[in-house]
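Structure, as C-alpha cells:
The values are calculated or read from the model by the stated rules, or taken from the named source; none is laboratory data. Fair warning: this is a prediction, and the values are worked out from it, not measured in the lab. Here the Cβ positions follow ideal geometry from the backbone for every residue, glycine too, while neighbour counts run over all protein chains shown. Keep in mind that these areas ignore ligands, DNA and RNA; they rest on the heavy atoms of the full protein, side chains included. Shrake-Rupley method; radii C 1.70, N 1.55, O 1.52, S 1.80 Å.
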Amino acid sequence: MGVLQGVVVMIERTFSMVKPDAVIRGIIGEVLSRIEKKGLKIVGMKMIRVSEDQASRLYSVHREKPFYGELVSFIRSAPVVVVAIEGESAVSVMRRLIGSTDAKEASPGTVRGDLSCSKSMNVIHASDSLENAQKELAIFFDEKEMLSYERLDAKWVC
Ligand code: CMP
C-alpha cells in the first residue's frame with residue numbers, strides 16, 4: 001500500500017523479462033524505456049542466461065503443451081534481462097503495456113504490437129497475476145536484489 005496525492009493506492013510488484021529476440025535485436029533500451037516512461041519503477045534488473053531449472057519453473061503451466069520444448073530452448077538461446085517492477089496496479093498495467101501474446105494481433109502502441117509479429121519471439125514477458133508475479137520474482141530474484149528508492153516524477157505520471 002502507498003499514498004499518492006493523498007490517496008491510498010495498492011502498490012504491486014511484478015516480474016518481467018526482456019526475451020532473447022529483443023536482446024539479439026538490440027532493443028533492450030527501447031523496451032525498458034517504455035516501462036519507465038509509463039511511470040512504473042524498475043526496482044531490480046539483471047542480464048542472465050536462464051537455467052534449465054528456471055525455465056521449467058517459469059513455464060511449468062505449459063509443460064504439456066506441444067510448443068513446450070521450443071519455448072524452453074528459445075528462452076535459453078541467448079541472454080535475457082529480468083526485471084522487477086513496482087507501481088500502482090503494476091501487474092495489470094504491465095500486461096496492457098506489453099499487449100497480446102500473439103504479436104501479430106497485439107494493438108499498435110503496445111510493446112509487442114509495435115516491435116514484433118511473432119507469437120514465440122514476442123519481445124517481452126510479464127506476469128499475468130499477482131500470485132504468478134510473486135512466484136516468478138522468486139525464481140529470478142533474491143529479496144535483497146530488489147531495491148527501494150523514490151522516483152522524482154512519481155506524483156506527475158500516475
Ligand atoms: P509469454 O506469455 O511470455 O510466456 C509463455 C509463452 O509461450 C508466450 O509468451 C509465447 O511466447 C509462447 N507461446 C504461447 N503459445 C504459443 C504457441 N502456440 N506456439 C509457440 N509459442 C507459444
For Arg49, are the conditions met, namely being within 16 Å of the ligand (Cβ to nearest atom) and of a type outside the set (S, T, N, Q)? no
State whether the residues of the stretch 16-37 include one that is over 14 Å from the mean Cα position of the chain (by Cα) and within 22 Å of Ala138 (Cα to Cα). no
Odd one out for Thr14, checked against (1) at pLDDT below 95; (2) closer than 19 Å to Lys135 by Cα: (1)
Mind checking which residues of the stretch 57-78 are open to solvent by less than 50 Å² (accessible area, probe 1.4 Å) and either away from the ligand (no atom under 13 Å from the Cβ) or among the hydrophobic types (A, V, I, L, M, F, W, C) (or both)? Leu58, Leu71, Val72, Phe74, Ile75, Ala78
So is Val43 open to solvent by less than 10 Å² (accessible area, probe 1.4 Å) and either in contact with an Asp or Glu (Cβ under 6 Å, 6 or more places away or on another chain) or of a type in the set (Lys, Arg) (or both) or not? yes
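Name every residue in the stretch 115-138 that is assigned to a helix (DSSP H, G or I), within 12 Å of the ligand (Cβ to nearest atom) and open to solvent by 40 Å² or more (accessible area, probe 1.4 Å), in order of residue number.
Initially, the stretch 115-138 is screened for residues assigned to a helix (DSSP H, G or I), giving 115, 130-138.
Subset that is within 12 Å of the ligand (Cβ to nearest atom): 132, 136.
Matches in the stretch 115-138: Asn132 only.
Sort through Ala90, Ala103 and tell me the only one that's open to solvent by less than 30 Å² (accessible area, probe 1.4 Å) and more than 11 Å from the ligand (Cβ to nearest atom). So that I can check it myself, show each step before the final result.
Values: Ala103 fails: more than 11 Å from the ligand (Cβ to nearest atom).
Unique residue meeting the criteria: Ala90.
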